[in-house]
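Read the structure below first, then the notes.
Taken together, the values in this text are just the output of simple stated rules run on the coordinates, not laboratory data. These numbers come from a predicted model, not from an experiment. No Cβ is skipped: glycine too gets one built from the backbone with ideal geometry, and neighbour counts run over all protein chains shown.
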Amino acid sequence: QVQLVESGGGLVQAGGSLRLSCAASGRSFSTYNMGWFRQAPGKEREFVCAISWTGRSTDYADSVKGRFTISRDIAKNMVYLQMNSLKAEDTAVYHCAASPQYYTRMPREYAYWGQGTQVTVSS
C-alpha cells in the first residue's frame, strides 16, 4: 500500500516556475514507477510525465517537454515535478500516481493516487 500527498501548487504568472512535491509512504515505494497527471476543469485527466522505478527512464508529454522535469529521491520517498516557463494552459489540478508494475502513460495502470494540488497560471 502506498499513500501519496502532493504539495507545492499555487498561483504563478505566465513564464514563472513552480516545483511540485509528492511525498510517498509505503515500504515498496522504491520499486514503483511514478507519474504526474493533470486535470483541468471540464477536461479529462491527462498524462504529464513519468519516471521509472530506477529513475533512469523518464517520459514527457509533448506539451511539457523541455519545460518540465520529473525526478525522485528514493531515500526521502519523494517525487518532484519542476515546472518552468509555465503557460496559462498548464492550469490544472496536478496528481502524482504510483504504478507497481508499469512504466506507462496510461492512468488506468496506476494503482495509487494523491489528492492533487492546484496550479493556476495567470496570463
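Maximal additional length on extending the S71-Q101 stretch stands at 8.9 nm, based on 0.36 nm per residue less the C-alpha distance. Taking the Cα centre of the chain as origin and charging only Cβ (+1 Lys, Arg; -1 Asp, Glu), how large is the dipole, in debye to the nearest 20? Result for the chain is approximately 180 debye, rounded to the nearest 20.
Rounded to two decimals, the Cα-based Rg/Rh of segment 30-77, with Kirkwood Rh, is 1.02. Cβ screening of the chain for cysteine pairs under 4.7 Å finds these without a partner: C49.
A simple count of charges around F47, restricted to other residues whose Cβ falls under 13 Å of its Cβ and scoring Lys, Arg +1 and Asp, Glu -1, yields +1.
Taking R105, R56, R72 in turn, the Gaussian network model of the chain (Cα-Cα springs below 10 Å) assigns the largest fluctuation to R56.
Given the chain, what whole percent of its Cα pairs are spread farther than 27 Å? Considering the chain, 10 percent of its Cα-Cα pairs are separated by more than 27 Å. Which one of T31, N84, A14 is farthest out on the positive end of the charge dipole of the chain, using unit charges on Cβ (Lys, Arg +1; Asp, Glu -1) and the Cα centre as origin? Value: T31.
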